[in-house]
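For reference, the structure discussed in these notes is given below.
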Amino acid sequence: MSGPQCCANPPTLSPGSGSGHVEQVGGLNAYVVGSQDSKLAILLISDVYGYEAPNLRKLADKVAAAGYYVVVPDYFKGDPYAPENAERPIGVWIKDHGADKGFEETKPIIQALKSKGISKIGAAGFCWGAKVVVELAKCELIQAAVLLHPSFVTVDDIKGVKVPIAVLGAEIDQMSPPALLKQFEEVLAAKSEVDGFVKVFPKVSHGWTVRYKVEDEAAVKCAEEAHLDMIQWFVKFVK
């Protein structure tokens with residue numbers, strides 16, 4: 001199950017962060033940002049700390065600046081994982097918030113986006129969110145996927161993927177160690193019908209793309225490199 005690394009460096013949640021706003025999309029509250037006229041949408045599916053994490057919203061704003069309508073849903077309905085709550089360790093919390101539930105709750109969101117005139121959708125998942133995204137990629141509910149320091153994603157999941165997928169992993173990661181990422185890479189290399197890309201970032205830990213400290217220049221630089229890789233993947237396949 002999730003180890004301590006899955007929950008390291010918790011963000012200070014801020015409901016007012018980001019340049020977008022919160023509205024209902026497909027039955028869930030979501031942080032939305034970007035042009036209402038865009039026909040291209042990107043879903044950002046959070047880690048266990050949820051959609052009010054300032055670094056995640058800042059990344060949503062950055063993706064929107066590349067021309068996308070970006071949606072960051074509140075899958076936990078105001079109940080993100082709280083490490084200070086000793087009554088609900090991660091193993092207990094996750095029983096109420098399985099990725100299978102997140103996958104089901106994404107279907108009406110995709111429907112709502114399509115009814116707005118969105119023609120193509122990409123999705124990026126961070127830690128917990130990566131499992132939701134891989135399930136969407138197996139059902140072709142999205143046009144492209146990016147997994148960032150994934151949790152719970154298996155080789156069989158990757159074998160089932162039917163859309164272009166990029167996996168951005170950390171060298172120091174108990175949830176998806178480099179040996180597992182290597183297996184992902186081998187599976188994707190053998191799937192000629194699916195575009196795949198796997199990259200292991202040296203000297204960084206699980207969660208590095210969204211749980212960096214803004215004053216840590218080296219950490220910011222590593223996170224920004226991953227953000228750029230993610231955006232470039234979407235520019236290539238969600239167009």
Yes or no: the stretch 53-61 includes at least one residue that is under 22 Å from GLN232 (Cα atoms), in contact with a strand residue (DSSP E or B) (Cβ under 7 Å, 6 or more places away or on another chain) and open to solvent by 30 Å² or more (accessible area, probe 1.4 Å). yes
Among helices (runs of 4 or more DSSP H) completely within the stretch 89-186, the ones holding 1 or more residues that are buried (at least 24 other Cβ atoms within 10 Å of the Cβ), free of Cβ contacts under 8 Å to residues at least 40 places away in the same chain and not acidic (Asp, Glu) are 128-138, 155-159
Of the listed residues (GLY50, GLY78), the one being part of a loop (DSSP other than H, G, I, E, B), out of contact with any His (no Cβ under 6 Å at 6 or more places or on another chain), closer than 23 Å to SER151 by Cβ and open to solvent by less than 40 Å² (accessible area, probe 1.4 Å) is GLY50
Residue under question is VAL220, and the condition is that it be free of Cβ contacts under 8 Å to residues at least 40 places away in the same chain and buried (at least 22 other Cβ atoms within 10 Å of the Cβ); does it hold? no
Limited to the stretch 219-239, what total is found for residues that are over 23 Å from TYR49 (Cα atoms), in a helix (DSSP H, G or I) and either of a type in the set (Phe, Trp, Tyr) or more than 17 Å from the chain's Cα centre (by Cα) (or both)? 4
Can you name the condition, by its number, that PHE201 falls short on among (1) in contact with a Cys (Cβ under 7 Å, 6 or more places away or on another chain); (2) not in a strand (DSSP E or B); (3) not β-branched (Val, Ile, Thr)? (2)
For the stretch 21-31, how many residues are crowded, with 19+ Cβ neighbours inside 10 Å and not aliphatic (A, V, I, L, M)? 1
Looking at (1) open to solvent by 40 Å² or more (accessible area, probe 1.4 Å); (2) farther than 20 Å from MET230 by Cα; (3) aliphatic (A, V, I, L, M), which one does ALA66 not meet, given that it meets all the others? (2)
Do any residues in the stretch 189-201 that are under 20 Å from GLU225 (Cα atoms) have Cβ atoms under 6 Å from those of residues that are part of a strand (DSSP E or B) and open to solvent by less than 80 Å² (accessible area, probe 1.4 Å), where the two are at least six apart or on different chains, and which pairs are they? GLY196/ILE165; PHE197/ALA166; VAL198/VAL167; LYS199/LEU168; VAL200/GLY169; PHE201/ALA170
When the stretch 187-198 is examined, which residues are found to be within 19 Å of THR154 (Cβ to Cβ) and not in a strand (DSSP E or B)? VAL187, LEU188, ALA189, ALA190, LYS191, VAL194
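Looking only at the stretch 10-17, decide whether some residue is under 23 Å from ALA145 (Cα atoms), surrounded by fewer than 21 Cβ atoms within 10 Å (Cβ to Cβ) and in contact with a helix residue (DSSP H, G or I) (Cβ under 9 Å, 6 or more places away or on another chain). Spell out the reasoning first.
Filtering the stretch 10-17 down to residues under 23 Å from ALA145 (Cα atoms) leaves none.
Taking every residue of the stretch 10-17 in turn, none turns out to be under 23 Å from ALA145 (Cα atoms), surrounded by fewer than 21 Cβ atoms within 10 Å (Cβ to Cβ) and in contact with a helix residue (DSSP H, G or I) (Cβ under 9 Å, 6 or more places away or on another chain).
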Please state which of the following conditions VAL214 fails to meet, knowing it meets all the rest: (1) part of a loop (DSSP other than H, G, I, E, B); (2) open to solvent by less than 80 Å² (accessible area, probe 1.4 Å); (3) more than 23 Å from MET175 (Cα to Cα). (2)
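The values are calculated or read from the model by the stated rules, or taken from the named source; none is laboratory data. Computed from a prediction, not measured in an experiment: that's the story for all the values here. All Cβ positions, even for glycine, are placed from backbone atoms using ideal geometry, and neighbour counts span all protein chains on display. In case anyone asks, the SASA skips ligands and DNA or RNA and just uses the protein heavy atoms, side chains included. Shrake-Rupley method; radii C 1.70, N 1.55, O 1.52, S 1.80 Å.
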